[in-house]
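Where a number appears in this text, it was derived from the coordinates with a stated rule and is not lab data. These numbers come from a predicted model, not from an experiment. Every residue, glycine as well, gets a Cβ built from its backbone with ideal geometry; the counts of neighbours run over all protein chains shown.
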Amino acid sequence: MKVVKGLYIHIPFCSYKCPYCDFVSIIDPGADHEEYLDLILEELKLYKDLNLRLKTIYFGGGTPSLVNPRFYAVFLKKLSDFIDISRVEEISIECNPENYKLEDYRFLREIGFNRISLGGQSLREEGLKALGRHHSVRDVYNALRLAHKAGFENINLDIIYGYPSQTLKDLQQEISQLKYLPLTHLSFYLLTPYEDTQIGQLYSKGLLELPKEDTIADMYNLICDALEAMGFLHYEISNFALPGYECKHNLLYWTHEEFLGLGVSAWSFVGDVRFGNTRNIKLYKDLIKEGKKPVEYQEKLEEREKLFDYFFVALRTRRGIEKNLLPEIPESLRDFFEEEGDRWRLNRRGMLLINEILLYLKDMFYIL
Ligand code: SF4
């Protein structure tokens, strides 16, 4: 039986909806977080036949920092009564800057969390405004200081670039602040105007301008150069870590290891099957209470799909893919790849065009 090494828990609650966000998020100030975490445990029990040997646990959202840390303490205790979590090396939680106080971070550290991922999104007030965020730059600095003071040494900051009106100089100014912050990891995401978001709607109607392709390419190069100069390893297309601080949980995704996702809209990959939970919280609760798995989508990957799926995730990383899986790089793609030993990986130009390159490879694979 395959071994599941990663557990993802989706906390769908948010205090407001960000205009660029296409995640499932539920705005309900009265939501019962304790009940939800209990249902997550009930869901886990429906997978008792799986061989869970967890290395990582990741609480993502939504906004996991809306939940009282005491509920996480109860959750982790109950989880450890049910499965062995003694070999877990990394427990991460995504936090918004305005939620937790020093005692909350301290408590999280005490109960076993050892990695914070802070959704700062921008280090410019104009940037936060353009992204519709309700916190300030000061909140970001403060949250980083508190988490660090509470004993978190492994801290990620999420930053979004390519937001409306952002210039290269603005980005440069944000990046220049990073050296003062206690960070071991940075995720830089390009703002994508997804159709079903407020920003996506405005963009598709021509009511909102985003930086042009050339500017985006310059921004990406600026980020990569600056962070590498600061000693961060560019180990995945959008992710940078000081040596030894790569996110172990995300590395499971990118190396095609098995993981189980629990909660509303969570995804899993177990035993060649990819499956996703319902996005409807009421349905999720009803199904769990009836003792049924809340799975809405399920797909068994055939050999070729599995291989392409592997390409899809592995080419995002610095490790790339084994040459024996793709002995020849097509002529038209050679400028976007580099080789290291027995592996191919995308160079920086390739990283910028990864979606187009993957589409090309996909067509090629399905023709073969
Ligand atoms: S970006 Fe984060 S905080 Fe904002 S709505 Fe989406 S999940 Fe919630």
Give me the one-decimal Kirkwood hydrodynamic radius in Å for segment 241-324, with the sum taken over alpha-carbon pairs. 14.5
Restricting to DSSP H runs of at least four residues, report the calculated mean residue ellipticity at 222 nm for the chain, -39500 (n - 2.57) per run over all residues, nearest 500 deg cm²/dmol. -11000 deg cm²/dmol
Within segment 173-246, DSSP-loop GluC sites (Glu not before Pro) with at most 11 other C-beta atoms within 10 Å are E195, E209
In Å and from the alpha-carbon atoms only, list the Rg and Dmax of the chain. 20.7, 58
Amide H contacts under 5 Å for Y161, restricted to residues at least 5 apart in sequence or on another chain and with H modeled in the peptide plane, are Y189, L190, L191
Check cross-link reach from K293 to the lysines: straight Cα distance under 17 Å, and skip same-chain residues fewer than eight apart. K45, K48, K282, K285
Which entries in K323/K362; K17/K179; K55/K77; K2/K323; K248/K362 show an alpha-carbon gap greater than 21 Å? K17/K179; K2/K323; K248/K362
Cβ charges +1 (Lys, Arg) and -1 (Asp, Glu), total dipole of segment 228-368, debye: 660
Indicate the gyration tensor shape class of segment 219-271 (rounded, prolate or oblate), computed on the Cα atoms with a ≥ b ≥ c the square roots of the eigenvalues: a/c under 1.5 is rounded; otherwise a/b larger than b/c is prolate and the rest oblate. prolate
Of the convex hull enclosing the alpha-carbon atoms of segment 167-229, the direction-averaged projected area in nm² is 5.2
Note on segment 303-368: alpha-carbon gyration tensor, axes a ≥ b ≥ c; rule is a/c under 1.5 for rounded, else prolate if a/b larger than b/c, else oblate; result rounded
I need the helices of the chain that pass two filters: whole DSSP H segments spanning 30 Å or more by Cα along the axis, and mean Kyte-Doolittle score no lower than 1.6. none
Restrict the search to segment 67-116; then list the trypsin sites (Lys or Arg not before Pro) that DSSP places in a loop and that have at most 10 other Cβ atoms within 10 Å of their Cβ. R87
Long-range amide H contacts for R115: which residues qualify at under 5 Å (H placed 1.01 Å from N, peptide plane, sequence gap of 5 or more or a different chain)? I91, I93
Assigned charges on the beta-carbon of Lys, Arg, Asp, Glu; the chain dipole about Cα centre (debye): 820
State the answer as a single residue: which of F308, L325, N280 lies farthest towards the positive end of the charge dipole of segment 260-351, with beta carbon charges of +1 for Lys and Arg and -1 for Asp and Glu, about the Cα centre. N280
In segment 19-115, what GluC sites (Glu not before Pro) fall in a loop by DSSP, with at most 10 other Cβ atoms inside 10 Å? none
Free-standing Cys, the chain [no other Cys Cβ under 4.7 Å]: C14, C95, C224, C247
Could you state the principal axis extents of the C-alpha atoms in segment 163-321, from the largest down, to the nearest angstrom? 54, 42, 34
Mean separation of Cα contacts under 8 Å, 6 or more apart, over the residue count of the chain: relative contact order %: 16
Give me the percent of DSSP beta bridges within the chain that run antiparallel, rounded to the nearest 5. 40
Please give the charge dipole size of segment 28-185, origin at the Cα centre, charges +1 on K and R Cβ atoms and -1 on D and E Cβ atoms. Round to the nearest 20 debye. 600
